[in-house]
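Colleague: Have a look at this one.
The values are calculated or read from the model by the stated rules, or taken from the named source; none is laboratory data. In this text, all values refer to a predicted model and were calculated from it rather than measured experimentally. Note that each Cβ is placed from the backbone with ideal geometry, even for glycine, and that neighbours are counted across all protein chains shown. Note: areas computed on protein heavy atoms with side chains; ligands, DNA, RNA excluded. Shrake-Rupley method; radii C 1.70, N 1.55, O 1.52, S 1.80 Å.
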Amino acid sequence: MKQLFSSTLLGMIFLLCSSSISGQSLTPAQAPSGPADIIAVLTKAGKFTTFIGLLKSSQVDSLINTQLKKPGNGFTVFAPTDSAFSNLKTGTLNSFTDEQKAALTKFHIIPSFLTIAQFQTVSNPVHTSASGDSEEFPLNVIGNGTQVNMTTGLVNTTVDSTAYSDGQLAVYEIPQVLLSQGILNPQAPAPAPLPPKPKKAAPLNALSPSRSTTVSVDSSGATGLLHYAPTVASIGVAVLAAMSLSLWTEWQIDGW
């Protein structure tokens, strides 16, 4: 009886343990996942040091990483290797201004996620993150099976391999740096509009009240008459007085 009880108890314990272990296997722990970091992806590859420097100096890496955290179309990055930059003419990269380096970096980025297969149907010229029209930044990408050819009018190259792809970010290794006229010969900014020409100052005589010659003469004449009127009146009175006195004197003499 004791043996039967012990066997039964052991069987129940075994079943409980089995159920517990089975339950754990049904819900395995999943490794945490998140959006990719463009610098971490390129650093892991180990041959994009110069391109990483351009991404950081132009702050394009922050733009990409920020957008990858949001739902959207993702990014496609054509990453030139360090050997690709070494093949440039000596001093080329050092001669670029900060604006040219930023344009160069953005010219290697398409603001949407594209697989190798999608390059067969993409519309050319491909729109990149570089500002400007297709004449300054032309990029034509032609896919043919697993082969992808690219041309900018100055550079012809191919995609060597896929360095990274997760549905949001695709990084393709290329053996040459993509150059364009918009990078090498950036257009000068449009000149600021000229200020309006100042109006010509009016002559001093135009600013003073107009005076008519007739009015001036009349006014001066009137003023003159008023000024000399008492004098004329006095002379007239004196003349009349003298004439009256003379007549009175003659009358007195004749009367005597």
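Colleague: Over the alpha-carbon set of region 131-183, divide Rg by the Kirkwood Rh and report the Rg/Rh ratio to two decimals. Walk me through the numbers before you get to the answer.
Modeller: Details: Rg = 12.2 Å, Rh = 12.2 Å.
Over the Cα atoms of region 131-183, Rg/Rh equals 1.00.
Colleague: Modelling each spin label as a point 7 Å along the Cα-to-Cβ direction, I'd like the ASP37/ILE142 distance in nm, to one decimal.
Modeller: So the two model labels end up 4.0 nm from each other.
Colleague: Within region 79-134, which trypsin sites (Lys or Arg not before Pro) sit in a loop by DSSP and count at most 11 neighbouring Cβ atoms inside 10 Å? Walk me through the numbers on the way to the answer.
Modeller: Numbers: sites: LYS89, LYS101, LYS106; in loops: LYS89.
Answer by residue number: LYS89.
Colleague: Additional query: Heavy atoms only, probe 1.4 angstrom, no DNA, RNA or ligands counted: give me THR158, THR81 ranked by accessible area, highest first. Intermediate values should be presented prior to the final figure.
Modeller: Working: THR158 40, THR81 15 Å².
Solvent-accessible surface, decreasing: THR158, THR81.
Colleague: Pairs to check: LYS70/LYS106; LYS47/LYS106; LYS47/LYS101; LYS44/LYS89; LYS69/LYS106. Give those whose C-alpha atoms are more than 22 Å from each other in this structure. Intermediate values should be presented prior to the final figure.
Modeller: Values: LYS70/LYS106 20 Å; LYS47/LYS106 19 Å; LYS47/LYS101 19 Å; LYS44/LYS89 28 Å; LYS69/LYS106 19 Å.
Listed pairs above 22 Å: LYS44/LYS89.
Colleague: Right, here's the next one. Counting only the heavy atoms of the protein chains, how much of HIS127 is accessible to a 1.4 Å probe, in Å² to the nearest 10?
Modeller: Spelled out: HIS127, probe radius 1.4 Å, area about 130 Å².
Colleague: With a ≥ b ≥ c taken as the square roots of the eigenvalues of the C-alpha gyration tensor of region 23-167, please select rounded if a/c is under 1.5 and otherwise prolate if a/b is larger than b/c or oblate if it is not?
Modeller: Prolate, because a/c is 1.5 or more and a/b exceeds b/c.
Colleague: Right, something else. Once you order the gyration tensor axes a ≥ b ≥ c over the Cα atoms, which shape class does region 77-127 get: rounded for a/c under 1.5, otherwise prolate or oblate by comparing a/b with b/c? Write out the running numbers ahead of the final one.
Modeller: Working: a/c = 3.06, a/b = 1.93, b/c = 1.58.
In terms of gyration-tensor shape, prolate.
Colleague: Then there is this: Leaving ligands and nucleic acids out of the surface, order TYR172, TYR164 by accessible area at 1.4 Å, largest first. It would help to have the intermediate numbers written out before the result.
Modeller: Values: TYR172 5, TYR164 70 Å².
Heavy-atom accessible area, descending, gives TYR164, TYR172.
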